[in-house]
Amino acid sequence: MTADLFVKGARVVKPDAVVECGLAIREGVIVAALAPGETVDARRTIDAGGRYVLPGLLDTHLHLGTAAQSFDGDCASESRHAVTGGVTTLLPFVITRGSYVEVLPEMQKAVAAGSLVDMVFHAIITREAQIEEIPRLAHEFGVRSFTTFMAYKGREISPSGIQGMSDDQIFSVFRQVAKILGAIAIVHCENMEMIELHQQPFIAANRQDTAAWSDARPVFGELEAIRRMVAFAEAVGIELLIPHMGVGLGSEFLRQKAWGRGRVATETCPHYLLFDKDTDRGVMGKVNPPLRSVEHVEALWQRLVDGTVDVLGSDHCPFTKAVKGTDLWSARAGITAGSAMILPVLLTEGMRRGRLGIQRVVELTSANAARLFGLYPRKGALEVGSDADLVIVDLDREVKVDLRTLNSVVDFSPYEGWVARGWADTTIAGGQVVYEKGEVVAERPRGRYLARGG
């Protein structure tokens, strides 16, 4: 046997085991798993040195082409950011004010032309005409996840085009999703009417601190909105993903996955696991749903352990300072530079503090997401036949995060100054070494748009 790349001395991590072996890679695919000491002829051999080797991460949540750059530009720059943290598959939320049929072909081309990693699209639905397009998007473009928003109404409608929909419109989206094999509905869950009521005194006082933004979006409103969407999913009989859930206390009911004919999965993000509302970051800490208290942060880690949370996404928004804005009540909502931080946060705050084991890290960052979105075992696994997407982890590498480290277009991030203890040593995407020893080393784009089948 000959190989393009051979990774020896690996401790390959699966959800149910850690296996010492070597991985032979040819034409972007794992073609053999060899016992320790066995070898193959390969154009390049990398010695993992007994370190953990994980499936490449899937970032289930980010926004591209809605801030400082075009979608094409973000595919190039933010895929570099992604591989810095071992992410080898991105699932961005794409958006248009018009017909997706007109824009998806160019978005697909942009992935191939600029990205270092593969991508799967979630389509944001904001208009009645787009609801009618859903079956066509699934069958012609392989888009099978569709996102709606309960917030972002009135003065909070985003410059990106994100705007909230009414309950009857969201229910109509669910009905369309139910017609498509393997389709998933994703809903940003916040009670906008409660937010508008609670914001009034904070705006009147011109509060500009992070806690003001958070306290004006009450926990009970987020949980009520989640329960309402779970009831919709149960009524229609669909798979629902609750995205960016940062509520640690009171969210335990989401440990239940089967709801009548429906199923519910839950995603959280690294910023909800690391930052709290009472450490003032001003507009840097403005995100929807908002950061919560220290008590919620601590409880959210337990939700990772007990199975309430299924997947990790970054909700990365590649904003610059000029795009973000400076006034709390008009600035863009979103956390910058999150894709590369999923793994370091889980290693540093999870493994090192004894909250998570390495096998649970794999479940949360790759295996569960690949299954949820119909990509397993092509993604989320390191089996013969799987895509050769993997990350060699250096648990001893200490990194003080700065803008250069992040390899992103962003010019600020709340992660700046945080010290990670555990980082990606080498990221391999599609059999190509794309990140190594602190540097992006990819010679050319190699990403693919992945159409999801039924």
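The values are calculated or read from the model by the stated rules, or taken from the named source; none is laboratory data. Remember, it's a predicted structure, so these values are computed and weren't measured experimentally. Note that each Cβ is placed from the backbone with ideal geometry, even for glycine, and that neighbours are counted across all protein chains shown.
Of note:
- Selection count, region 1-21, where residues are assigned to a loop (DSSP other than H, G, I, E, B) and either of a type in the set (K, R) or at pLDDT below 95 (or both): 1
- Remark: pairs (first residue in region 69-83, over 22 Å from P159 (Cα atoms) and surrounded by fewer than 24 Cβ atoms within 10 Å (Cβ to Cβ); second residue of a type in the set (S, T, N, Q) and modelled with pLDDT of 95 or more; Cβ separation under 6 Å; 6+ apart in sequence or on different chains) = R80/N407.
- Just one of the listed residues (F141, F149, F202, F220) is assigned by TED's automatic domain parsing to the domain that holds A299 and crowded, with 23+ Cβ neighbours inside 10 Å, and it is F149.
- Yes/no for D394 being assigned to a loop (DSSP other than H, G, I, E, B), farther than 23 Å from D118 by Cβ, not assigned by TED's automatic domain parsing to the domain that holds L104 and not polar (S, T, N, Q): no
- I125 vs. criteria β-branched (V, I, T), farther than 30 Å from D327 by Cβ and modelled with pLDDT of 95 or more: no
- So L116, is it in a strand (DSSP E or B), under 17 Å from P318 (Cβ atoms) and modelled with pLDDT of 95 or more: no
- Condition met for K437 (surrounded by fewer than 21 Cβ atoms within 10 Å (Cβ to Cβ) and on the phi > 0 side of the Ramachandran plot): yes
- Being touching a Leu at 6+ places or on another chain (Cβ under 8 Å) and not small (G, A, S) is a description that does not apply to R404.
- The listed residue being more than 20 Å from the chain's Cα centre (by Cα) and polar (S, T, N, Q), out of Q359, Q432: Q432
- If you check G282, G313, G307 for being in contact with a Cys (Cβ under 7 Å, 6 or more places away or on another chain) and of a type outside the set (V, I, T), only one passes: G313.
- Inside region 252-283, residues that are aliphatic (A, V, I, L, M) and closer than 14 Å to D315 by Cβ make up a count of 2.
- Any hit, region 116-126, residues being closer than 16 Å to P289 by Cα and crowded, with 21+ Cβ neighbours inside 10 Å: no
- Candidate set: region 160-186, residues that are in a loop (DSSP other than H, G, I, E, B) and of a type in the set (V, I, T); chosen: the one nearest to P243 (Cα to Cα): I162
- Scanning region 22-64 for residues that are among the charged types (D, E, K, R), assigned to a strand (DSSP E or B) and within 20 Å of S366 (Cα to Cα) yields a single hit, D59.
- Considering region 388-424, and only residues there that are of a type in the set (D, E) and closer than 23 Å to S77 by Cβ, the residue that is surrounded by the most Cβ atoms within 10 Å (Cβ to Cβ) turns out to be D389.
- Scanning region 1-10 for residues that are farther than 13 Å from P55 by Cβ and either among the acidic types (D, E) or buried (at least 16 other Cβ atoms within 10 Å of the Cβ) (or both) turns up A3, D4, L5, F6, K8, G9.
- Residue within region 249-266 that is in contact (Cβ under 8 Å) with a residue 60 or more places away in the chain and under 16 Å from the mean Cα position of the chain (by Cα) present: yes
- Of the residues making up region 312-350, just one is in contact with a Pro (Cβ under 8 Å, 6 or more places away or on another chain) and surrounded by fewer than 20 Cβ atoms within 10 Å (Cβ to Cβ), namely R332.
- Flag if P15 is of a type outside the set (S, T, Y) and closer than 27 Å to S339 by Cβ: yes
- Of the residues making up region 65-111, those that are part of a helix (DSSP H, G or I) and under 20 Å from the mean Cα position of the chain (by Cα) number 18.
- Counting residues in region 32-54 that are surrounded by 15 or more Cβ atoms within 10 Å (Cβ to Cβ) and within 18 Å of P445 (Cα to Cα) gives zero.
- G380 under 17 Å from the mean Cα position of the chain (by Cα), in contact (Cβ under 8 Å) with a residue 24 or more places away in the chain and either crowded, with 24+ Cβ neighbours inside 10 Å or in the same structural domain as A113 (by TED's automatic domain parsing) (or both): yes
Here is a yes/no grid of residues against (1) closer than 29 Å to V18 by Cβ; (2) touching a strand residue (DSSP E or B) at 6+ places or on another chain (Cβ under 8 Å); (3) without any contact (Cβ under 8 Å) to a residue 60 or more places away in the chain; (4) among the small types (G, A, S):
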| position | (1), (2), (3), (4) |
| --- | --- |
| R303 | yes, yes, yes, no |
| D315 | no, yes, no, no |
| V345 | yes, yes, no, no |
| G385 | yes, yes, no, yes |
| D389 | yes, yes, no, no |
| E398 | yes, yes, yes, no |
| T405 | yes, yes, no, no |
